[in-house]
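The values are calculated or read from the model by the stated rules, or taken from the named source; none is laboratory data. What you see is a predicted model; the values in this text were computed from it and never measured. Quick reminder, even Gly has a Cβ in these numbers, built from the backbone with ideal geometry, and neighbours come from all protein chains shown.
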Amino acid sequence: MRNRPIPGSSGLVRAVSLFGDPVLHAPCEPVTDFGPSLGGLIEDMYATMYAANGVGLAANQIGVPLRVFVYDCPDDDEDVRRLGHVVNPRLAAAGGIEVRGPEGCLSLPGVEAGTPRYDHAVVEGVTRDGAPVRVEGTGFFARCLQHECDHLEGGVYVDRLTGLRRARALRAVRRAPWGRR
C-alpha cells in the first residue's frame, strides 16, 4: 500500500520550453529557497513530465532557470523504475563504456538522434527538504541523468552531436512544425 501521494498528482501541467528558447541555453541558478514553492515546482514538473510521456524533466524545460530535475525512468541493471528528484544536482561521475544510443527530448519533440553517453552515472545533490541524495544509474537511466544535468548547464543533447548527425538533427528541428516559429 502506498503511503505517499503519487508525484505530480497535485501539480499543474506547464508548457514545455522548446529548443531555441533562451532559458534552455543558459546555465541554471542554484536553489536557495527550500520553502513550499519548491515543492510546488517539483509537483508541476512531475505533472508536466507525465503529461508529455517523458522520463525526465529539468526545471528550465518549463521556463524556470533553477537547478532541479525530476525523473521516472528504468535502469538497465535493475528490473525497477527509478523515481525521484534532485535539487542542485552535480554530475559526480560519468564513466564506463561510451554508448551511442537513441536520445530525444521533450524540448525537441519528434527529433531523435544517436547520442554518445556513458553507461554509468552518479549524481549528487539534495532533496526538496535539503537532505543529501546520491543517485546512481546504468544504461538508460545513466543516459537520463546525464541528459538532465546537461539541461541545467544550458545544454541540450544536440550539442553533443557532431558532423552529419548534428546537421540531420538541426534540419529536423527546422522542419518540425514547432521549429518554424
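Going residue by residue through the stretch 108-117, is there one that turns out to be touching a Gly at 6+ places or on another chain (Cβ under 6 Å), of a type in the set (Lys, Arg) and part of a strand (DSSP E or B)? So that I can check it myself, show each step before the final result.
Restricting attention to the stretch 108-117, the residues satisfying the condition of being touching a Gly at 6+ places or on another chain (Cβ under 6 Å) are 112.
If we keep only those that are of a type in the set (Lys, Arg) too, we end up with none.
Within the stretch 108-117 (the criterion being touching a Gly at 6+ places or on another chain (Cβ under 6 Å), of a type in the set (Lys, Arg) and part of a strand (DSSP E or B)), the answer is no, since none of the residues qualifies.
When residues in the stretch 44-84 are screened for being among the hydroxyl-bearing types (Ser, Thr, Tyr) and either without any contact (Cβ under 8 Å) to a residue 12 or more places away in the chain or at positive phi (or both), 0 of them pass. Criterion applied to 37, 17 was being outside any loop (DSSP other than H, G, I, E, B) and over 12 Å from the mean Cα position of the chain (by Cα), and the one residue passing it is 37. Reported count of residues in the stretch 81-131, each being more than 26 Å from residue 50 (Cβ to Cβ) and of a type in the set (A, V, I, L, M, F, W, C), is 5. Residue 132 falls short of the stated requirement of being modelled with pLDDT under 95, out of contact with any Ser or Thr (no Cβ under 8 Å at 6 or more places or on another chain) and more than 24 Å from residue 12 (Cβ to Cβ).
Residue 43 meets each of the listed conditions (1) modelled with pLDDT of 95 or more; (2) under 18 Å from residue 151 (Cβ atoms); (3) within 16 Å of the chain's Cα centre (by Cα) apart from (2).
Please go through the stretch 20-34 and pick out each residue that is in a helix (DSSP H, G or I) and either out of contact with any helix residue (DSSP H, G or I) (no Cβ under 7 Å at 6 or more places or on another chain) or under 24 Å from residue 131 (Cβ atoms) (or both).
Those that are in a helix (DSSP H, G or I) and either out of contact with any helix residue (DSSP H, G or I) (no Cβ under 7 Å at 6 or more places or on another chain) or under 24 Å from residue 131 (Cβ atoms) (or both): 22, 25.
Checked against (1) at pLDDT below 95; (2) closer than 14 Å to residue 70 by Cβ, residue 16 passes all but condition (1). Among all positions in the stretch 142-163, there is no residue which is assigned to a strand (DSSP E or B), surrounded by fewer than 20 Cβ atoms within 10 Å (Cβ to Cβ) and either out of contact with any Gly (no Cβ under 8 Å at 6 or more places or on another chain) or at pLDDT below 95 (or both). Within the stretch 118-138, the set of residues being in a loop (DSSP other than H, G, I, E, B) and among the hydroxyl-bearing types (Ser, Thr, Tyr) comprises 127 only. Are any of the residues in the stretch 85-104 free of Cβ contacts under 8 Å to residues at least 24 places away in the same chain, of a type outside the set (Lys, Arg), outside any strand (DSSP E or B) and exposed (fewer than 13 other Cβ atoms within 10 Å of the Cβ)? Checking the stretch 85-104: not a single residue is free of Cβ contacts under 8 Å to residues at least 24 places away in the same chain, of a type outside the set (Lys, Arg), outside any strand (DSSP E or B) and exposed (fewer than 13 other Cβ atoms within 10 Å of the Cβ).
Looking only at residues in the stretch 62-76 that are under 24 Å from residue 120 (Cα atoms) and outside any strand (DSSP E or B), the one that is nearest to the chain's Cα centre (by Cα) is 67.
Looking at the stretch 40-61 only, could you name the residues that are out of contact with any helix residue (DSSP H, G or I) (no Cβ under 6 Å at 6 or more places or on another chain) and assigned to a loop (DSSP other than H, G, I, E, B)? It would help to see each step written out before you state the result.
The initial filter retains those residues of the stretch 40-61 that are out of contact with any helix residue (DSSP H, G or I) (no Cβ under 6 Å at 6 or more places or on another chain), namely 40-47, 49-54, 59, 61.
Those that are out of contact with any helix residue (DSSP H, G or I) (no Cβ under 6 Å at 6 or more places or on another chain) and assigned to a loop (DSSP other than H, G, I, E, B): 52, 53, 54.
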